[in-house]
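Data first, discussion second: the structure below is written as structure tokens.
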Amino acid sequence: MILWGTFDKNEIVILLMLVIFYSIFFLLPKKFCRDITALFFLWGLTIGIFFDFTIGGGLIDYYKLNDSNEYGLNDMLYYLSFAPFSYFFIYFYELLQINAKTFIWYVVGWSLLGVGLQWVFTLVDIVNFKNGYKLLYSLPVFMLSQTITGLYYQFIRSKRKVMCSDEKQQT
Amino acid sequence: MGFAVFFFLAWLVTAFLIVMQKSLSLVENTFIISLILIISINWSWIIYEGLKFIKITEQPMDYTAFLFFRSVIIPIILVIQLNMVLQSESFAQTILIPIVSIGILVALTALSSYFHMTNYVKWNIGYDVLYFAGLHVIAYLSCWLFRKIAYREGGYL
């Protein structure tokens, strides 16, 4: 395991992304109960790691992350940027009051954003495709993971209270 | 052969988790599975691919079986035993459940060697026992910590 190959644009962009994404998280008004917030932070991290280590490495090695195939600290920091994204996904899901009809467009929008971000990552050498992998192949990955995230969130919301802000205001 | 066996085992443990009586909530179960999945993937990557202490097969079907073990079976078994421990009625049960769980995981590791999915290079089964025992400790601690942080009075993050 290494820290990074050379500290250049990909490392700078990753650090910048982390600062921006986590600042947005802390600046946004808090809506959710602690366990829901913690769960969806971990959920984003898990999905990122799961897909990257399943199709991005090992026998199905479709992309190289950062400077080398060796697992580095910069790779780990890159995965940490996934964590706030699943939180933002459910945050705006509530803010925009997404329902059964608008869910389709919500997932399409987030998936296109995901592909767009990944395109930027290829420009700054965070992600380097290989073995015939194309940028648009990530679209089904984003659509699948975001559809599951939305449905899972909807399922939890049908079972219990997810937002504790009202409770806090009352006490 | 390895693929069929490990797919069946992955299906079996998942089905068992779904139907079993759970002492953890849906959110807690998902949190623990996610955490163990992250550790399992990172561990196998560092030990197998990075340090090359264990060689993984290059046969696609056997490799897929290895993925089922790493990404499905290990996290699900960990969360099943945690649910069982939390509803155990005696101290003996509390001790016995993780021992059986570690035993099953070690047996499955031996099975993955038998099917040539993995091959020890600079490794032995004793290290696997320690790793699985460590995973159990992490599962208990993370559950305790999650409950402590998440359900602190009046709180939302």
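Bear in mind these aren't lab numbers, they're just calculated from the coordinates by the rules spelled out. On a predicted model such as this, the values are computed, not experimentally measured, just so you know. Here the Cβ is made from the backbone with ideal geometry for all residues, glycine too, and neighbour counts use every protein chain on show.
Treat every Asp and Glu Cβ in the range B:26-154 as -1 and every Lys and Arg Cβ as +1, leave all other atoms uncharged, and give the resulting dipole magnitude about the Cα centre to the nearest 20 debye.
220
Round to the nearest 0.05 the FRET efficiency obtained for A:L144 and B:L96 when R0 = 30 Å and r is the Cβ-Cβ distance.
It comes to 0.15.
From the cross-link list B:K55/B:K122; A:K101/A:K134; A:K9/A:K134; A:K30/A:K159, which pairs have alpha carbons spaced over 19 Å apart?
Pairs exceeding the cut-off: A:K101/A:K134; A:K9/A:K134; A:K30/A:K159.
Which cross-chain or sequence-distant (5 or more) residues have an amide H under 5 Å from the amide H of A:V127, H modelled 1.01 Å from N in plane?
Close amide H contacts, sequence-distant or interchain: A:N66, A:T122.
Size of the protein assembly as shown along its principal axes in angstrom, Cα-based, largest extent first?
Reported extents, whole Å, longest axis first: 54, 53, 36.
Return the sequence-ordered ³J(HN,Hα) values of the range A:152-161 in whole Hz as given by the Karplus equation 6.51 cos²θ - 1.76 cosθ + 1.60 applied to θ = phi - 60°, using x for Gly and Pro.
Those phi angles translate into 5, 4, 4, 5, 5, 5, 6, 8, 7, 7 Hz.
Across peptide B:42-52, how many C-beta atoms of other chains are within 10 Å of each residue C-beta, on average?
3
Along the Cα-to-C-beta direction of B:W144, a point sits 7 Å from the Cα; which residues of the range B:95-109 have their amide N less than 18 Å from that point?
So the set is B:95-99.
Based on other C-beta atoms within 10 Å, arrange A:K101, A:K9 from fewest to most.
A:K101, A:K9
So what is the diffusion coefficient of the range B:1-139 in µm² per second by Stokes-Einstein at 37 °C and 0.692 mPa s, using a Kirkwood Rh over Cα pairs? Mind dumping the intermediate values first?
Working: Rh = 15.4 Å.
Roughly 213 µm²/s, to the nearest whole number.
If neighbour count is taken as other Cβ atoms inside 10 Å, put B:H136, B:H116 in order from fewest to most.
Fewest to most other Cβ atoms nearby, the residues stand as B:H116, B:H136.
Just how large is the dipole of the protein assembly as shown about the Cα centre, in debye to the nearest 20, putting +1 at every Lys and Arg Cβ and -1 at every Asp and Glu Cβ?
740
Quick one: if the Förster radius is 41 Å, what FRET efficiency do B:V19 and A:F7 give, using the C-beta to C-beta distance and rounding to 0.05? Intermediate results must be reported in sequence, preceding the final value.
Numbers: r = 51 Å, r/R0 = 1.24.
With a Förster radius of 41 Å, E is 0.20.
Please report the net charge: other residues with Cβ closer than 15 Å to the Cβ of A:V124, K and R +1, D and E -1.
Taking every Cβ under 15 Å from that of A:V124, the sum is -3.
Spin-label point model (7 Å from Cα, Cβ direction): what's the B:V121 to A:I20 distance in nm?
3.9
What order do you get for B:E49, A:E94, A:E11, B:E89 when you list them from fewest to most C-beta neighbours inside 10 Å? Working shown, then result.
Details: B:E49 17, A:E94 14, A:E11 23, B:E89 7.
Neighbour counts put them in this order, fewest first: B:E89, A:E94, B:E49, A:E11.
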